[in-house]
Amino acid sequence: MKAPDSAAPDSAAPGSASVLDGKAVADAIAERVAERVKAFSLAPRLVFVRVGEDPASASYVRSKQRLARRVGIRAETLVLPEETDQATLMTQVQAVVDDDDVDGVLVQLPLPDHLDEAPVLEAVDPDKDVDGFHAVNVGRLWSGLPGMVPCTPLGLEAICDHYEVPLHGQRVVIVGRSNLVGKPAAALLLRRHATVTLAHSRTRDLAAVVAEADVVIAAVGRAGIVQASMVKPGATVLDVGMSRVDGRIVGDVAPDVWNVAGAVTPMPGGTGPVTVAMVVQNTVTAAERRRQQP
Ligand code: NAP
């Protein structure tokens with residue numbers, strides 16, 4: 001494994017583990033994407049659709065749009081009022097999808113409770129589906145076909161590649177089996193020849209399962225669910241889960257894990273920025289495929 005930054009940032013607990021710096025990985029990806037954007041005579045165009053004023057959703061979309069514009073993508077956000085009904089949302093999404101000048105569409109989740117997410121996600125053209133949530137892309141991913149892959153799992157793979165964390169033949173335990181993170185991460189890492197275990201809320205003896213892992217991915221959203229006592233010494237730990245404790249964002253990985261693991265992603269500053277970078281990477285990939293750019 002390539003030597004990562006050796007000192008834990010202030011946001012992480014002190015310990016012997018190296019920092020897998022998501023910001024550095026995201027910057028490297030953004031630089032490569034910006035080069036690819038330069039090859040287009042007309043820059044790729046990405047449209048976000050956001051419903052309502054949930055502050056977290058608004059902030060996520062703002063940071064994705066900011067990075068998209070930084071790398072030269074034409075990015076804009078269609079904001080619909082909280083009270084938008086299903087039919088209106090479907091019509092609006094369809095209009096964006098049908099616009100030939102649009103290369104990527106991202107409907108920010110979660111939608112307000114009165115709206116059904118599934119038909120909205122299925123309305124997105126799979127080839128413009130930069131979130132990779134369309135059932136066609138799920139099938140492509142599990143079948144090993146080219147398609148759009150969800151951004152958080154792609155980001156996890158990118159962090160491992162950036163820091164040369166071995167995956168081939170390694171035991172990877174993913175805690176969390178959602179369609180957004182756990183399941184697509186499993187499919188992606190299987191492609192890389194990892195031996196993958198998906199753990200979830202009904203897993204018996206989670207500690208014993210996690211203890212087997214060379215690479216632990218924690219994607220639950222429960223502060224400190226992965227404890228030092230569960231982690232094999234020297235393991236790589238990727239922290240995806242986010243919760244707010246006393247107004248601070250914390251991950252699924254307990255601070256004492258830094259004393260046992262070989263390398264850990266901090267929270268914040270770990271997996272989150274790389275997820276954002278993958279939105280812009282997926283947009284350029286979608287545009288290249290649609291326009292058959294080199
Ligand atoms: P989700 O749909 O709520 O899934 C959570 C998963 O955790 C489920 O599979 C659930 O198991 C499992 N789980 C719950 N309690 C558990 C327990 N006690 N032991 C073991 N597994 C347990 O959430 P998500 O959308 O995947 O997101 C997970 C977290 O990642 C959230 O905090 C989210 O905010 C964060 N996130 C971060 C990024 C990033 O870029 N860093 C991106 C996306 C999401 P069951 O299936 O059995 O219910």
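The values are calculated or read from the model by the stated rules, or taken from the named source; none is laboratory data. A quick note: this is a predicted structure, and the numbers were derived from the prediction, not measured. We place every Cβ from the backbone using ideal geometry, glycine too, and count neighbours over all the protein chains shown. Ligands, DNA and RNA are stripped out before the accessible areas are found, and what is left, the full protein with its side chains, is counted by its heavy atoms. Shrake-Rupley method; radii C 1.70, N 1.55, O 1.52, S 1.80 Å.
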Cα gyration tensor shape of region 105-146, rounded if a/c is under 1.5, else prolate or oblate by comparing a/b with b/c
prolate
Over region 150-271, calculate the relative contact order: mean separation of alpha carbon pairs under 8 Å at least 6 apart, over the residue count, as a percent.
22
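Would you mind classifying region 150-271 by shape? Square roots of the alpha carbon gyration tensor eigenvalues, ordered a ≥ b ≥ c; an a/c under 1.5 is rounded, otherwise it is prolate if a/b is larger than b/c and oblate if not. Please list the in-between numbers first.
Details: a/c = 1.29, a/b = 1.23, b/c = 1.05.
Judged from the Cα gyration tensor, region 150-271 comes out rounded (a/c under 1.5).
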7 Å from Cα along Cα→Cβ at both Gln292 and Arg248: what's the point-to-point distance in nm?
5.5
Where a Cα-Cα gap under 30 Å defines reach, which lysines qualify for Lys232, not counting those fewer than 8 residues away within the same chain?
Lys2, Lys23, Lys183
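First check a/c for the chain, with a ≥ b ≥ c the square roots of the eigenvalues of its C-alpha gyration tensor; if it is under 1.5, answer rounded, and if not, answer prolate when a/b is larger than b/c or oblate otherwise.
Values: a/c = 1.74, a/b = 1.55, b/c = 1.12.
It comes out prolate by the Cα gyration axes.
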Over region 150-271, with neighbouring protein chains present, the accessible area per residue in Å² at probe 1.4 Å is 42
With +1 at each Lys and Arg Cβ and -1 at each Asp and Glu Cβ, the charge dipole magnitude of region 150-271 around its Cα centre, to the nearest 20 debye, comes out at 400
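Would you list the membrane-span-like helices of the chain, meaning whole DSSP H runs whose alpha-carbon atoms span at least 15 Å along their axis and whose mean Kyte-Doolittle value is at least 0.0? Can you show the working numbers first?
Working: long enough: 22-38 (24 Å, -0.09); 55-70 (22 Å, -1.08); 86-98 (18 Å, 0.50); 151-162 (16 Å, 0.50); 271-291 (30 Å, -0.02).
Within the chain the helices that satisfy the rule are 86-98, 151-162.
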Once fully extended, how much extra length lies between Gln227 and Ser201, figured as 0.36 nm per residue of separation less the alpha-carbon to alpha-carbon distance?
7.8 nm
Percent carbon-and-sulfur accessible area, the chain, ignoring ligands, DNA and RNA, probe 1.4 Å:
52
